[in-house]
Structures are given as structure tokens and as C-alpha cells.
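Report on the following structure.
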Amino acid sequence: MLLIAELLYFRIADKCNIIDKPNERSSHSTIVLRGGGIIFLIGVWIWSAFFGFQYPWFLMGLTLVAGISFVDDVHSLPDSVRLVAQFAAAAMAFYQLGILHWSMWWIILLALVVYVGATNVINFMDGINGITAGYSLAVLIPLALVNLTDTFVAQSLIVSTILASLVFCVFNFRPKGKAKCFAGDVGSIGIAFIMLFLLGHLIIRTGDITWLIFLLVYGVDGCLTIAHRIMLHENLGEAHRKHVYQIMANELKIGHVKVALLYMVIQLIISLGFIYFCPNTMLAHWLYLIGAFVVLAIVYILFMKKYYHLHEQYLATLKK
């Protein structure tokens with residue numbers, strides 16, 4: 001059903017000219033169908049239809065945020081409109097999680113900012129073929145494994161989302177210039193919203209926030225790149241090619257599939273190590289998280305020191 005739905009969307013996108021045109025900041029050079037990541041939203045709707053609409057507020061929030069993102073993919077919307085929709089959708093997810101208690105409004109407000117911020121960081125990381133679908137699998141598979149022994153959410157929801165990711169992989173996990181479609185904001189924002197909702201369930205079930213380690217690789221690249229751009233006094237709203245994966249794919253000419261696999265494998269190693277080798281104590285979890293963060297941060301800094309000058313050379317060619 002998901003495969004048929006994706007193929008039907010391709011026909012609609014082709015007929016309605018929903019395409020992604022490359023620019024000087026892009027990591028691709030050909031016109032490709034945009035919005036193929038709508039399959040993540042479709043997947044949750046199909047799952048809900050078969051399994052009794054178990055999380056209605058989550059479904060409404062996902063539909064809102066993915067719907068606005070889809071409109072933005074077709075016709076650019078103001079940042080304010082997208083942010084309002086994202087915060088409203090996050091509040092719906094929080095209500096579904098049962099944590100929308102205004103007696104601790106400042107904690108809820110901070111959590112909403114983190115939820116929306118993480119959603120957008122994941123969106124920023126969607127810049128080459130395969131990285132969104134591959135990384136989502138690297139997050140969803142460990143979640144499914146944890147859920148087998150300590151149920152925190154309907155396993156069928158995780159499995160359905162994995163199937164949606166696999167369908168998207170068929171058309172996107174390809175070398176540069178070979179992708180049938182891109183995720184678009186509807187896809188990257190949509191899958192981010194789903195993964196954060198699942199992680200929210202796990203964190204609430206265990207009372208352990210260190211499960212966010214399942215997003216650590218994206219978190220380090222995304223957050224440190226934002227910090228780097230702030231140091232450079234750049235407008236964070238403008239498109240750029242400063243992430244590690246972008247420099248690898250563009251300046252170092254490493255294949256999109258190889259880069260996406262690298263991110264996927266590193267995250268899987270970290271997550272599976274956390275599940276199966278880290279002692280199940282709060283202290284051990286925090287030490288593992290901090291240690292992994294420090295290692296990745298050092299790798300990020302060393303990589304930028306060695307290769308960022310290549311990106312500066314690229315920017316110089318644009319000015320000419």
C-alpha cells in the first residue's frame with residue numbers, strides 16, 4: 001500500500017510540477033520531484049486506519065506540521081507561519097503524551113522549544129540522497145529493539161514507519177543524480193516529528209532523557225554547525241552547505257550513498273552500544289552519552305579544521 005501510495009504521489013507531483021530545482025547551495029545538480037517524504041505521513045494514516053487511531057492528537061499534530069511543510073514545499077511560506085504550526089503540532093504531541101501540565105509551564109515551554117528545535121535540526125540535515133531515510137532507519141530500528149523488551153509505544157507504529165522509510169529508500173537512497181524524489185520539508189519535518197514522539201514515549205516511560213542519544217550524530221553535526229554559523233555572523237535562515245556531510249559530498253566528492261551510510265552506521269553503533277553494552281544505570285547512561293558526544297564533537301572540529309578551507313574556496317567562486 002505504501003509503495004502504491006508513493007507511486008501515485010509521483011504522478012501527482014509530476015503533473016503539478018512539484019519539483020526541486022538546484023541552486024548554488026544545493027548538493028544536487030538535476031531537477032527532481034519534491035515531497036516524496038509525504039510517505040511518512042501517509043504511513044501513519046494507514047497505520048492509524050488499521051490499528052484504531054490510538055494516538056489521535058499525535059496524528060492531528062503530524063498532519064498539521066507535515067501539511068504546512070508540504071504547502072511550503074510548493075509555495076514558500078513565511079517563517080512565522082511555519083513556526084506557529086510547529087509549536088501547535090508539538091503541543092498536540094505533548095497532550096498525547098500526557099505531559100501538557102501548565103502547573104510547570106516553564107518546563108513545558110522549554111520542552112516545546114527543544115522539540116521544535118530538534119525538528120528543524122533534523123530538517124536541516126536533509127541535504128543529500130539517502131541521508132533522511134537511512135538515518136531514520138538508524139533511529140527507528142533501535143527504538144523497535146528497545147520496545148520489544150520494554151514496551152513504551154505500539155510496536156506496529158514503529159514497524160509501519162520503518163516500512164515507509166524503506167519505501168522511500170527505494171526511490172531516494174541512490175547515488176547523486178539518480179534519485180527519483182527528494183523528501184522535501186514534508187518528509188524531513190514529518191519523520192522528525194514521528195521520531196521525537198516515539199522518543200518522548202520512551203523518555204517518559206523510563207524517566208531517562210539520555211535516550212536522546214538515538215539522535216546524537218545528527219545533533220552534533222546540526223548543533224555545532226549552527227554554532228559555527230553564529231560565529232561567522234551568518235543569517236541562520238539562509239541556505240548553506242556547511243554541515244560535515246555536505247562538505248564530504250560536495251568538496252570531498254564522496255558519494256551520497258557512502259556519506260549517508262556512514263551517518264547511519266555511526267548512529268547505529270552508538271545506539272546499539274547504549275542498549276546492549278552500557279550498564280542500565282543513570283550514571284552509566286550519562287557517562288556514555290557525554291563520552292560519545294565529546295568524541296563526535298572532537299571529530300567534527302578536527303574535520304572542519306582540515307577541510308573547511310575547501311568550502312571557503314567554493315564560496316569565493318560564487319562571489320566571482
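Things worth noting here:
- Going through (1) surrounded by 17 or more Cβ atoms within 10 Å (Cβ to Cβ); (2) at positive phi one by one, Arg241 falls short only on (2).
- Criterion applied to Glu251, Glu238 was being touching a His at 6+ places or on another chain (Cβ under 8 Å) and either at pLDDT 95 or above or not hydrophobic (A, V, I, L, M, F, W, C) (or both), and the one residue passing it is Glu251.
Conditions (1) hydrophobic (A, V, I, L, M, F, W, C); (2) over 22 Å from Ser165 (Cβ atoms), marked per residue:
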{"residue": "Cys223", "(1), (2)": "yes, yes"}
{"residue": "His240", "(1), (2)": "no, yes"}
{"residue": "Val259", "(1), (2)": "yes, no"}
{"residue": "Thr281", "(1), (2)": "no, yes"}
{"residue": "Leu287", "(1), (2)": "yes, yes"}
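- When Phe87 is tested against (1) closer than 28 Å to Ile4 by Cα; (2) open to solvent by 60 Å² or more (accessible area, probe 1.4 Å), just one condition goes unmet, and that condition is (1).
- Among the criteria (1) modelled with pLDDT of 95 or more; (2) more than 15 Å from the chain's Cα centre (by Cα); (3) not basic (Lys, Arg), the one Met195 does not fulfil is (2).
- Among (1) under 29 Å from Val295 (Cα atoms); (2) over 19 Å from the mean Cα position of the chain (by Cα); (3) without any contact (Cβ under 8 Å) to a residue 60 or more places away in the chain, the one test that Leu140 misses: (2)
The values are calculated or read from the model by the stated rules, or taken from the named source; none is laboratory data. Predicted model, so just to flag it, every value in this text is computed and none were measured. As a convention, Cβ positions derive from the backbone with ideal geometry for all residues, glycine included, and neighbour counts pool all protein chains shown. Heads up: the accessible areas ignore ligands, DNA and RNA and are worked out on the full protein's heavy atoms, side chains in. Shrake-Rupley method; radii C 1.70, N 1.55, O 1.52, S 1.80 Å.
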